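The values are calculated or read from the model by the stated rules, or taken from the named source; none is laboratory data. All of these numbers come straight from a predicted model, not from anything done at the bench. Positions of Cβ are backbone-derived with ideal geometry, glycine not excepted, and every protein chain shown enters the neighbour counts.
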Amino acid sequence: MNAALDRALGRVWQSPLPGRVLDDLVALDRVAGHDGERRAADRILDHLDRAGAVDTRREAVPIEVWHADGASLAIDPPAASAGIDAQGDATPDHYAATALPYSPAGTVIGPVRSIDADADLDGAIALSRAGGDTHRLAAVGRAAERGAAGFLLAGDRPGQLRPTGTVGTGQAGPLVAAGISHETAATLDRRDRPVELSVSARLTDGETHLVRGRIGPDTADRVLVVAHHDAHAIGEGALDNGAGVAALVAVVETLVGVDLPLGVDVATVGGEEVGLLGSAALAAAMDTDRIRAVVNCDGIGRHPRPKAITHGSDALDDLIAGVARDLDRPIDRVTRTHPYSDHWPFLRRGVPALQFHSTRPGGRTDRWERGVTHTAADTREKVSIATVRDHAMVAAVAVRRLLDTRVPRRDPDAIRAGFEETGLSDRMRTAGVWPEAW
């Protein structure tokens, strides 16, 4: 490292700016396309200006905006109880449910059956549990293929936490869908009775937003640092991904006073939680052949131990190993490739992708652990700004080294072949996220 970077890291170590960014974001409803998301984009624009970025602007991306008006879940609704057994005129028991983003409106009645079992799902309401190895989009797609009438996503931990997450990628999903708590799922399993699931929702034309800027010289080749600023309505979105935006601003604050050989584009994007809509538009608007690498701040700063996902790039894995060695601090490294965050629209075009995430104490680096994100418990007090600053400093050092490193581009054909070999391609097709060009 050089003296200027050392001094910059020292300043950011005590900077109040990341905390101010996070405080601003958690105060807003940042659902993609809602007014709070636009206001969040404007606040981020202000913070990037304060951090020293140039050429800053906000851009709009047209999308279909999903609005939820409510959801309900009842065991033993009268229409389902008639003629089933001798329970007679039992009063339906109602349980809390949260409509999953891009669920279509509708009411369905049927037995609840686990999607992980070999049970017949035809006409049933499929139950999947959060926290497993199968992505939610793949689970709802598989349920629809097996003839399910509806979809329930159950929490994976006690505490009456209902999970959320989109069931459609910018358009209505295939099934009426809602999130329920771990405890409600246990009740449904124990009672084994038919249920009525109802969702009231609508789609309107609207827009999500990009916030863009630059640090360093205006060169043809560049590195891109990205984080998504949208969140789910159920919580404050502090961990997912307010911490990521705060870290991105801290990276800008660190590198703005350092001599850089190439330009660094920075962007926060909306629509990640509902299908990578903002990053897809950003990738389509950029000359991705000139992007040396994309650095994705999604999952950064959640736990003290940083994790770097290098998406199949040996050169990026070596770079992170060097950063860990020179900083004398552990950084978990994961080489697997996944398509479920904002690096993906760039990676599938051949741009090497580095994602900064975190490893839970006692957790496994090879397993995707959502924790309390996508629940009402994703709140401001869960985030340590000291951890966010620490991870941002690691990311800043990595970005600076990327500017001096020629990382080989990824071959999209090789990525596709790898997905085919591991079976991820089938799950992506079921989820509706397999690139049409492939």
- Query: A376: modelled with pLDDT of 95 or more and farther than 20 Å from V225 by Cα, yes or no?
  - Reply: yes
For segment 36-67, the count of residues that are surrounded by fewer than 16 Cβ atoms within 10 Å (Cβ to Cβ), hydrophobic (A, V, I, L, M, F, W, C) and touching an Asp or Glu at 6+ places or on another chain (Cβ under 6 Å) equals 1
Restrict the check to segment 398-418 and report whether at least one residue is under 21 Å from D332 (Cβ atoms) and free of Cβ contacts under 8 Å to residues at least 24 places away in the same chain.
no
The residue from R39, R43 that alone is closer than 25 Å to M393 by Cβ and either modelled with pLDDT of 95 or more or not charged (D, E, K, R) (or both) is R43
task = Report yes if some residue within segment 158-174 is buried (at least 24 other Cβ atoms within 10 Å of the Cβ), touching a residue at least 12 places away in the same chain (Cβ under 8 Å) and in a strand (DSSP E or B); otherwise report no.
result = no
Test: H391 is in a helix (DSSP H, G or I) and not basic (K, R): yes
Being more than 28 Å from A8 (Cβ to Cβ), buried (at least 18 other Cβ atoms within 10 Å of the Cβ) and within 21 Å of the chain's Cα centre (by Cα): is that true of V383 here? no
### Query
Are any of the residues in segment 346-356 among the β-branched types (V, I, T) and without any contact (Cβ under 8 Å) to a residue 12 or more places away in the chain?
no
Here the residues within segment 218-276 that are among the polar types (S, T, N, Q) and buried (at least 24 other Cβ atoms within 10 Å of the Cβ) are N241, T254, T268
Checked segment 279-310 for anything over 16 Å from the mean Cα position of the chain (by Cα) and within 16 Å of R336 (Cβ to Cβ); matches are T310
